[in-house]
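In what follows, a structure is listed as structure tokens, so that the remarks can point back to it.
Please treat every number below as a calculation from the coordinates, not as lab data. This structure is a prediction, so every number in the text was calculated from the model and none was measured. Using ideal geometry, Cβ is built from the backbone for each residue, glycine included, and neighbour counts are taken over all protein chains shown.
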Amino acid sequence: MTGRIVAVFGNMVVVEAEGRVVQNAVGYCLRQDGARLLSEVIRVRGGMADLQVFEETRGLRVGDAVEFRDEMLSVTLGPGLLGQIFDGLQNPLPKLAEKTGYFLLAGTYLASLSQDRRWEFTPSAEEGATVQAGDPLGWVPEGIFEHQIMAPFDLEGKWRVASVAAKGEHTIEDEIAALQGEDGRRIAVKMQQRWPVKRPLNVSRRRLLPTEPLVTRVRIIDTMFPVMRGGTYCIPGPFGAGKTVLQQITSRHAEIDIVVLAACGERAGEVVETLRTFPELEDPRTGRSLMERTIIICNTSAMPVAAREASVYTAVTLAEYYRQMGLNVLVLADSTSRWAQAMREVSGRLEEIPGEEAFPAYLESRVAAFYERAGAVELRDGRKGSVTIGGTVSPAGGNFEEPVTQATLKVVGAFHGLSRARSDARRYPAIDPLDSWSKYRGILSPEKVEHVQVLLSRGHEVKQMMTVVGEEGTPIEDFVVMLKAEFFDNCYLQQNAYDPVDGATPAERQRLVFDKILEVVRADFGLADKESARRTMVAAQDLFRNWNYAEWQGEEFKKILGRIEAFIAARGAK
Ligand code: ADP
Ligand code: MG
């Protein structure tokens with residue numbers, strides 16, 4: 001079906017269509033020089049359709065033709081996604097750069113996956129077997145994973161495997177199986193398939209409540225504000241507080257199979273930084289490049305607004321695809337504020353009635369719908385997979401009372417609020433232990449966690465009080481509480497991201513260290529004066545800090561543990 005452009009403004013065009021246009025369908029605006037500009041129908045009004053163009057609209061004119069497709073904005077799914085860097089429309093960025101430089105030429109679309117790479121296919125479905133959407137037909141090795149080749153996700157009903165390729169090398173374009181429907185219809189299956197990004201991809205027996213902690217190896221998260229596989233969390237924080245660094249730490253150390261990073265940067269610099277650092281990061285588990293189990297979707301504000309808006313959907317769709325293989329996937333969106341701003345721009349162009357701070361009234365429902373795509377599922381063959389979503393929010397001035405933070409807080413399961421005060425004091429990660437929360441159960445019993453939460457808030461009160469009455473005016477009991485809260489903060493909540501040992505603490509180690517910390521916190525050291533109290537807690541702090549840098553269960557680790565136990569037994573005496 002076709003149409004004609006009747007108006008162009010910004011990245012929007014109004015098109016008079018020659019038939020029925022469907023909401024969210026893809027269209028191509030045909031520029032007079034032959035370029036075909038990808039667009040999406042975002043509003044239909046009678047015979048008119050508003051399209052947002054994922055490109056510069058310069059050069060488009062009233063009267064130019066538009067070609068509509070049956071397809072919604074979709075991504076290609078198949079082996080070869082891992083390790084790639086795409087833009088929001090799944091164009092492979094490094095390849096594009098080779099071809100056109102980093103300034104993308106309008107209308108240049110490249111295949112997302114290599115068309116001629118050969119993959120060693122091993123069939124797993126038998127001829128004559130009955131399959132449904134999402135059932136595995138075979139697999140190919142992709143990095144450290146068995147990449148399942150699955151029956152198309154949009155199949156309806158039961159199909160018979162009419163043929164399946166023998167073990168051997170194939171490209172994603174080859175037919176690797178044929179399926180026959182109950183009505184006799186036959187379809188060819190390739191290793192690649194398409195899926196519309198705005199429709200959740202979930203072909204499973206059932207959704208599971210998230211019950212398994214996602215161990216990030218960041219102590220303050222796992223111990224105090226845990227995240228679960230299949231759950232959601234957000235990291236709001238002012239500029240420079242450490243959101244991006246925290247997501248990088250998580251990408252590296254979280255106990256998860258695959259990370260999909262949606263990098264939506266304010267300035268090109270931020271994203272370039274991610275693109276530069278990521279490929280150099282080493283995967284602590286394999287010793288190889290972290291990129292082997294990472295996909296990056298990347299956008300800068302220089303890219304057209306609609307492509308920016310699409311990027312988080314592209315990211316989550318790729319994550320859902322790997323979940324269908326029974327893998328645990330983490331989507332990190334940095335920052336969702338940029339995404340929301342793209343939404344605001346689009347809404348403004350449509351002249352919709354604005355809500356708070358000119359965000360569209362549907363901001364909340366869009367944010368909710370995005371996070372709802374997280375989840376743990378049980379697949380039809382009993383395997384389990386999960387998509388966890390963590391999004392940063394960068395509110396102007398670090399004010400959490402703004403619409404994007406508020407909309408996010410309503411739907412996520414955990415909140416890791418970064419504070420300017422903590423990052424200024426270089427207390428990293430700068431997650432505020434008094435402000436943050438989690439609805440999930442983590443690796444420690446809630447009673448233990450509660451104990452330190454009380455300690456931290458009492459310690460904070462004493463500190464506030466001390467600024468008024470001074471140290472002399474503070475009773476020794478209160479003073480000790482304050483010292484113990486500081487001790488816990490310094491030795492446990494803070495973590496040196498750049499140290500190979502301290503940078504990542506496995507769950508077992510967190511449990512042990514936490515228990516020892518708790519012993520110190522609960523111990524009555526019989527501290528009579530402030531000077532000896534300070535000395536004792538500094539001594540404890542030195543012990544635990546050194547302990548954090550000692551290799552898990554190594555000689556040094558055991559030696560320090562012995563000294564810590566002696567310290568506690570001797571009630572702080574040396
Ligand atoms: P944001 O994304 O919130 O704007 P970044 O993550 O880019 O902030 O962090 C800004 C700077 O703060 C980093 O370049 C680094 O110098 C410092 N920083 C942030 N987190 C840490 C950390 N965990 N350990 C050490 N330095 C950090
Ligand atoms: Mg950042």
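Here's the picture: charge each Lys and Arg Cβ at +1 and each Asp and Glu Cβ at -1 in the chain, and of G237, L51, V131 the one pushed furthest to the positive end of that dipole is V131. Phi-derived couplings, Karplus 6.51 cos²θ - 1.76 cosθ + 1.60 at θ = phi - 60°, listed residue by residue for segment 182-195: 5, 8, x, 5, 10, 10, 8, 10, 10, 6, 10, 9, 10, 8 Hz, with x used for Gly and Pro. The chain gives an Rg/Rh value of 1.04, both radii derived from C-alpha positions and Rh following Kirkwood.
For segment 492-531, the calculated P(r), taken from all Cα-Cα distances in 10 Å bins from zero up to the bin holding the longest distance, is 24, 38, 24, 14 percent. Backbone amide hydrogens, once placed in the peptide plane, bring L137 within less than 5 Å of I149, M150, A151, excluding anything fewer than 5 places away on its chain.
Considering only Cα atoms, the convex hull volume of segment 77-234 works out to 174 Å³ per residue. In summary, segment 230-281 shows an alpha-carbon radius of gyration equal to 1.18 times the 2.2 N^0.38 Å reference for compact globular proteins.
Each of the peptides 291-298, 450-457 was scored by the mean count of other Cβ atoms within 10 Å over its residues; in descending order, highest first, they stand as 291-298, 450-457.
Its Cα centre serving as origin, the chain has a Cβ charge dipole (Lys and Arg +1, Asp and Glu -1) of approximately 400 debye.
Restricting the calculation to Cα atoms, segment 342-490 shows an Rg/Rh of 1.10 when the hydrodynamic-style radius is the Kirkwood one. Full extension of the segment from Q23 to A162, taken as 0.36 nm per residue of separation minus the current Cα-Cα distance, would add 46.4 nm. At the listed q of 0.18, 0.25, 0.27 Å⁻¹, the Debye profile of segment 127-177, built from one uniform point per Cα, gives log10 I(q)/I(0) equal to -0.61, -1.07, -1.17. Across the alpha-carbon atoms of segment 8-90, the computed radius of gyration and Dmax are 13.9, 44 angstrom.
Here the Karplus relation 6.51 cos²θ - 1.76 cosθ + 1.60, evaluated at θ = phi - 60°, turns the backbone of segment 493-498 into coupling constants of 5, 7, 8, 8, 4, 8 Hz, with x for every Gly and Pro.
Relative protection proxy for 172-179, 356-363, from highest mean packing down: 172-179, 356-363 (other beta-carbon atoms within 10 angstrom).
A simple rule links phi to the HN-Hα coupling: the Karplus curve 6.51 cos²θ - 1.76 cosθ + 1.60 with θ = phi - 60°, which for segment 280-290 gives 8, 6, 9, 7, x, 7, 10, x, 9, 5, 4 Hz, with x for Gly and Pro. In summary, the lysines within cross-link reach of K463, defined as a Cα separation below 18 angstrom excluding same-chain residues under 8 places away, comprise K484, K530.
Full extension of the chain segment joining E280 with E461 gains 60.8 nm, where the gain is 0.36 nm per residue of separation less the Cα-Cα distance.
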